[in-house]
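Structure first, then comments.
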Amino acid sequence: MTKQNLKLFGMEAEKGRWILVVTGLLINVCLGSIYAFSIFRKPLEALWGLTSSQSGYPFMVFLAVFAIAMPLAGNLVARWGPKKTTMLGGLLVGAGWIIASFSPNITFLTILYGVIGGAGVGIVYGCPIAVVAKWFPQKSGLAIGLTVMGFGISALVIAPLMKAMIDNPDIGILNTFLYLGIAFLVVITLLAQLLSFPPTEWAPAGVKTASATTATTPTINLSRQEMLRTRSFYALWATYTIGCLTGLMAIGIASPVGTEIAKLDTTTAALAVSLFAVFNGLGRPLFGAITDKLGPKHTAMISFAMILGVSLLISFLGQGNALLYFFVFCVLWMCLGGWLAIAPTTTGIFFGKKHYAQNYGLVFTAYGAGAILGTLLSGNIKDITGSYLGAFPIVAGLAILGMIIAAIGLNPVKNQQTG
């Protein structure tokens, strides 16, 4: 049953629900600061005498714990609601950054920042997505994409801020963690107060007259256990893993590749991260809207084709080529942003919105797998070969694998046997 007179933030719910998109975007700006972590890597290597692999451990663990916490957070959202769950996660996010400022070595930094901060982000991240998915029951790709865009564009603001704070002799590397942690704690806690789910009987005007046969209209509502019995879940998980692996690898090494391969100075490389963040952010609403229009399979294949093309380009022509560096990393960051919209939108399309928080929490574990594999791949190849370029032919091969899996397995559940 529709409730056309429902008010949200003092206006008609169909208009007021866009405030929730903006709220989610701002929360994600705080959470997405991890994408600027490559700014820390060179200073940490100099501070503690670390290898390239070691300086990536906090980034890798943070993203892995982030993904592991997501399925747990889905259950919390169902039990506590989005506001209380976001407040809990915000407390952990702030605590992780603040306590990390007291780290005496990379091990403590990895545990304090990676585990505590990563768990906090994992708890918060799914809350605004689940809220927006339920307020936009149809064609949710654009709204979800705009919500998670904040995570992608975060580095646009945070990377130069981090650089300035690290270079400031009165602040330095570790105090940068402290000040940012305090800011994130306050902002996330305040914004959490705005999050809520729609009443179960509410639906936007015209929803019943919309075509029930379009590729982006959920026709079923599967529980987590039912979802696990479909082939589509495993195809989505595998393609999401590959998409995240390539993108997170690019994000984790963006700054050092800029200085070591493209021969940029450190300031320009840090500014480049901000440019890449723009494309990471724009990729989310762009690929979300494309998923609404073309469906998950074709959108996934477009993304992998782009990843394949730029990986081959930088593999053969990347050494000392600054212009190509900018182009390749803009595309890789945009495609990662795209997957952060493709996967949550596809979860709703294939498995429905009723159990969305729990289902997407499980799908999101692919992000953690991609984070671990991408960081280990880039760091170890650099340490073994002396160059980050050796990682990109492997990425090209994975993109081909992703296209094959998408073509064969990324199909709506209604066309399958789920038992």
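The values are calculated or read from the model by the stated rules, or taken from the named source; none is laboratory data. The structure displayed is predicted, hence computed values, not measured ones. With ideal geometry, Cβ positions are generated from the backbone for all residues, glycine too; neighbour counts draw on all protein chains shown. The accessibility values were calculated without ligands, DNA or RNA, using every heavy atom of the protein model including side chains. Shrake-Rupley method; radii C 1.70, N 1.55, O 1.52, S 1.80 Å.
Observations on the model:
- Selection status of residue 333, modelled with pLDDT under 90 and open to solvent by less than 30 Å² (accessible area, probe 1.4 Å): yes
- Residues in the range 100-116 that are aromatic (Phe, Trp, Tyr) and part of a helix (DSSP H, G or I): 108, 113.
- With respect to the conditions (1) of a type in the set (Ser, Thr, Tyr); (2) open to solvent by 20 Å² or more (accessible area, probe 1.4 Å); (3) under 22 Å from residue 370 (Cβ atoms), residue 107 lacks only one, and its number is (3).
- Considering only residues in the range 8-30 that are among the hydrophobic types (A, V, I, L, M, F, W, C) and open to solvent by 40 Å² or more (accessible area, probe 1.4 Å), the one that is farthest from residue 94 (Cα to Cα) turns out to be 11.
- Qualifying residue in the range 238-260 (condition: open to solvent by 50 Å² or more (accessible area, probe 1.4 Å), out of contact with any strand residue (DSSP E or B) (no Cβ under 6 Å at 6 or more places or on another chain) and among the polar types (S, T, N, Q)): no
- Residues that are surrounded by 20 or more Cβ atoms within 10 Å (Cβ to Cβ), over 21 Å from residue 92 (Cα atoms) and of a type in the set (Gly, Ala, Ser), drawn from the range 31-51: 38
- From 184, 233, 177, residue being modelled with pLDDT under 95 and either in a helix (DSSP H, G or I) or small (Gly, Ala, Ser) (or both): 177
- Any hit, the range 146-159, residues being out of contact with any Cys (no Cβ under 7 Å at 6 or more places or on another chain), of a type in the set (S, T, N, Q), buried (at least 16 other Cβ atoms within 10 Å of the Cβ) and in a helix (DSSP H, G or I): yes
- Matching helices (runs of 4 or more DSSP H) fully within the range 10-99 where at least 3 residues are among the aromatic types (Phe, Trp, Tyr), under 22 Å from the mean Cα position of the chain (by Cα) and over 30 Å from residue 199 (Cβ atoms): 57-80
- Helices (runs of 4 or more DSSP H) contained entirely in the range 340-409, each with at least 2 residues that are of a type in the set (Val, Ile, Thr) and open to solvent by 30 Å² or more (accessible area, probe 1.4 Å): 365-385, 391-409
- Single unsatisfied condition, residue 197 versus (1) open to solvent by 40 Å² or more (accessible area, probe 1.4 Å); (2) at pLDDT 95 or above; (3) aromatic (Phe, Trp, Tyr): (2)
- Any hit, the range 116-123, residues being open to solvent by 40 Å² or more (accessible area, probe 1.4 Å), under 26 Å from residue 361 (Cα atoms), at pLDDT 95 or above and not aromatic (Phe, Trp, Tyr): yes
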